[in-house]
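Here's the structure, in structure tokens; my notes come after.
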């Protein structure tokens, strides 16, 4: 008798109560990822030129001085969109992308001797370094700070994602790149602020 009850309870367990079933949707909606913060700056693109080294304020200043000697009519009005992963240069009139630079390959940046000028150096390929140059109004402080912040954020994301004890960017070390970028911007901004004290209002324009 006990065996018969046990068999019946097992058989009853094989049949589900349809009224207690819960519908499970086949398509589950996940929250959409937040849009990446992008800062846009309307400036003049003075062009780009290949340089011999990936770092150095002497490289930045020399290329900017050469660009300043060119005809301003040749400079292109652009919008520079700065995000944590890319710096994109767009033609304001045609919205054509003139260059999309990966922040991880940015090796150096700085404000020039003229406070309106700003440039950064990108590693385009092994041994090939391109310097991108800009003229900013009223000065280059905001653009330079935005690019610096993108570099620091990129470095922090790399640190957060890497396995314990592993190197983030082995060649060159990411921390040295971040330090070089940060120090060059600080020097440039300090020079920019110092020039406001020594120069008369309505400074140099091309």
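Filter the range 109-143 down to residues that are outside any strand (DSSP E or B) and either touching a strand residue (DSSP E or B) at 6+ places or on another chain (Cβ under 9 Å) or buried (at least 24 other Cβ atoms within 10 Å of the Cβ) (or both), then give me how many there are. Before you say what the answer is, go through the steps one by one.
Residues of the range 109-143 that are outside any strand (DSSP E or B), as a first pass: 112-116, 126-127, 136-143.
Subsequent filtering for residues that are either touching a strand residue (DSSP E or B) at 6+ places or on another chain (Cβ under 9 Å) or buried (at least 24 other Cβ atoms within 10 Å of the Cβ) (or both) retains 112, 114, 116, 136-137, 139-143.
Residues meeting the conditions: 10.
Give the residues of the range 49-60 that are touching a strand residue (DSSP E or B) at 6+ places or on another chain (Cβ under 8 Å) and outside any strand (DSSP E or B), sorted by residue number. Answer for the range 49-60, where residues must be touching a strand residue (DSSP E or B) at 6+ places or on another chain (Cβ under 8 Å) and outside any strand (DSSP E or B): 52, 53, 54, 55, 56, 57, 59, 60. The lone criterion from (1) in contact (Cβ under 8 Å) with a residue 40 or more places away in the chain; (2) surrounded by 15 or more Cβ atoms within 10 Å (Cβ to Cβ); (3) under 19 Å from the mean Cα position of the chain (by Cα) left unmet by residue 42 is number (2). Which of the residues belonging to the range 86-107 are surrounded by 15 or more Cβ atoms within 10 Å (Cβ to Cβ), in contact (Cβ under 8 Å) with a residue 40 or more places away in the chain and more than 20 Å from residue 141 (Cβ to Cβ)? Once the filter is applied, which keeps residues that are surrounded by 15 or more Cβ atoms within 10 Å (Cβ to Cβ), in contact (Cβ under 8 Å) with a residue 40 or more places away in the chain and more than 20 Å from residue 141 (Cβ to Cβ), the range 86-107 yields 98, 99, 104, 107. With respect to residue 76, determine if the residue is modelled with pLDDT of 85 or more, exposed (fewer than 10 other Cβ atoms within 10 Å of the Cβ), more than 18 Å from the chain's Cα centre (by Cα) and on the phi < 0 side of the Ramachandran plot. The answer is no for residue 76.
When only residues in the range 79-108 that are assigned to a strand (DSSP E or B) and over 15 Å from residue 43 (Cβ atoms) count, which is farthest from the chain's Cα centre (by Cα)?
Restricting attention to the range 79-108, the residues satisfying the condition of being assigned to a strand (DSSP E or B) are 79-82, 86-91, 97-102, 106-108.
Within this subset, residues satisfying the condition of being over 15 Å from residue 43 (Cβ atoms) are 86, 97, 100, 102, 106-108.
On the way: 86: 4, 97: 16, 100: 10, 102: 7, 106: 9, 107: 12, 108: 13 Å.
Checked the range 79-108; the qualifying residue farthest from the chain's Cα centre (by Cα) is 97.
The numbered conditions (1) at pLDDT 65 or above; (2) farther than 23 Å from residue 44 by Cβ are all true for residue 169 except (1).
The values are calculated or read from the model by the stated rules, or taken from the named source; none is laboratory data. None of these values were measured; they are calculated from a predicted model. Reconstructed Cβ throughout: ideal geometry from the backbone, glycine too, with neighbour counts over all protein chains shown.
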